[in-house]
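Below: one structure, written as structure tokens.
The values are calculated or read from the model by the stated rules, or taken from the named source; none is laboratory data. Bear in mind the structure is a predicted one, so any value in this text is a computation, not a measurement. Please note: Cβ atoms are built from the backbone with ideal geometry, for glycine as well, and neighbour counts cover all protein chains shown. Surface accessibility is based on the protein's heavy atoms, side chains included, excluding ligands, DNA and RNA. Shrake-Rupley method; radii C 1.70, N 1.55, O 1.52, S 1.80 Å.
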Amino acid sequence: MNILAIESSCDETAAAVVADGRRVLSSAVLSQIDLHALYGGVVPEIASRRHLESVVPLVDRALAEAGLEKKDLDALAVTCAPGLIGALLVGVSFAKAAAYALGLPLVPVHHIKGHIASAYLAFPELAPPFVCLAVSGGNTLLLHVKSYTDVKTLGSTRDDAAGEAFDKAARVLGIPYPGGKEIDRLARQGREERGLEACLRAYPLPRPSFADAPFDTSFSGLKTAVVNLAHREAQKGREPDKPALAASLCEAVADMLAERALAASRRTKLKTLVVCGGVAANSRLRERLTEEAKREGVSLFIPPPALCGDNAAMIASQAYYEYLSGVRAPLDLNASAQSEL
Ligand code: KG4
């Protein structure tokens, strides 16, 4: 079954064709990062306008790269929530019009369920149930994936997402948006040159937790602590040691996330852990999770970085399982900026 999916929830326009939920026939992604980097973050109105310009050529590209024509498609899918409302509406409006014109069923997909499905594309043997840590620029969620379509939230961030903490720290250190990848590179440099312990001593950072909600996270305090450390150095007329500060930040985030992910695996008695979303590309988080999972006999699945960022192949994969369970969108489908799983 060939599903063409469209993703436009934030600052990537994407279209992809996936066969039977697992085989990627094409995956076209157009990042808008250069456009938004000028402003230090995503500008919603600019994002919507660029999606509007890009969606038709990207769909044509996805079909051409898959070697298919419109008549070879069995269904369409689209990300309908959560995300920037104007951005989502571009994809949803296009998908509804295309489904109507082609006489095809339309499947609505929750963006986070799409991120979970990126692991189905990377690992053919993977199937629910499992614990999933979904970490991106907009979300930090610990999930119990009971089946392909039934997902329960175990914990979430009380304020900012982990990716926001990386991006804000990067900004204060003069690194262009989105700075997570560069913070990761600097942190590796800091660990290699100064050693982890020295970085942690030079820039101690908090690791908040909640006694009543052990799977919840909070990153706003961490974000503020990095900003304060950088400002304190500036007041003394010094530049912060960027590699050491980045190493301390990556360690704090990796500590908090690895501890909770493994605790969730113990609580649910599930020995499979999936990590997805843009922040899953972080090398220290990957290392820490690998060590902890090995120690506890948990099988760890982290998709490659290309599948961790926003893409439409993951949306097409999830749509296949939604389709099998009978989910169809009416032609008055609306987009939603926020939505429970
Ligand atoms: O999933 P994603 O591509 O977009 C959404 O937020 O939906 O995630 C983007 C986030 C950004 O905050 C970016 O800085 C962060 O992922 N990121 C990283 C790394 N690569 C991307 N954060 C830490 N380390 C990385 N290697």
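Treating the angle as unsigned and between 0 and 90°, give the value, to the nearest 10°, between the Cα long axis of helix 313-324 and the longest Cα principal axis of the chain. Helix 313-324 and the main axis of the chain meet at about 50 degrees.
For the stretch 84-210, lysine pairs separated by 8 or more sequence positions, or belonging to different chains, with Cα-Cα distances below 27 Å total 6. Helical content of the chain, expressed as a calculated mean residue ellipticity at 222 nm, amounts to -15500 deg cm²/dmol (DSSP H runs of 4 or more residues, -39,500 (n - 2.57) each, divided by residue number, nearest 500).
With all protein chains in place and a 1.4 Å probe, the accessible surface of the stretch 1-101 carries 58 percent carbon and sulfur. Among His51, His110, His231, the largest mean-square fluctuation in a Gaussian network model of the chain (Cα springs under 10 Å) belongs to His231. Measure nothing but the geometry: give the 0 to 90° angle between the long axis through the Cα atoms of 111-122 and the longest principal axis through the Cα atoms of the chain, rounded to 10°. Here the helix axis deviates by roughly 90 degrees. Stokes-Einstein diffusion of the chain at 10 °C, 1.306 mPa s viscosity, Kirkwood radius from Cα pairs, rounded to a whole number: 78 µm²/s.
Solvent-accessible area of the stretch 185-316 (1.4 angstrom probe, protein heavy atoms only): carbon and sulfur portion equals 50 percent.
In the chain, the DSSP beta bridges split such that about 60 percent are antiparallel, to the nearest 5.
The alpha carbons of the stretch 229-292 give a radius of gyration and a Dmax of 15.8, 52 Å, in that order. With each label modelled as a point 7 angstrom along the Cα→C-beta vector, the Arg201-Arg188 pair spans 2.6 nm.
Expressed as a fraction of 2.2 N^0.38 Å, the value expected for a compact globular protein of N residues, the C-alpha radius of gyration of the stretch 1-105 is 1.05. Partners of Lys271 within straight-line reach, counting aspartates and glutamates whose Cα lies under 13 Å from its Cα and excluding those fewer than 8 residues away in the same chain: Glu292, Glu296.
Across the accessible surface of the stretch 104-159, with the other protein chains kept in place and a 1.4 Å probe, carbon and sulfur atoms take up 51 percent. Toward the positive end of the charge dipole of the chain, with +1 on the Cβ of Lys and Arg and -1 on the Cβ of Asp and Glu, the farthest Cα among Leu249, Leu30, Thr13 is that of Leu249. Computed over the chain with a Gaussian network model linking Cα atoms closer than 10 Å, the most mobile of Leu273, Leu106, Leu324 is Leu324. Pairwise Cα distances in the stretch 119-183 exceed 13 Å in 68 percent of cases. Per residue, the accessible area of the chain comes to 42 Å², computed with a 1.4 Å probe over protein heavy atoms only. For a straight C-alpha distance cut-off of 18 angstrom, the aspartates and glutamates reachable from Lys71 (same-chain residues fewer than eight places away being disregarded) are Asp20, Asp60.
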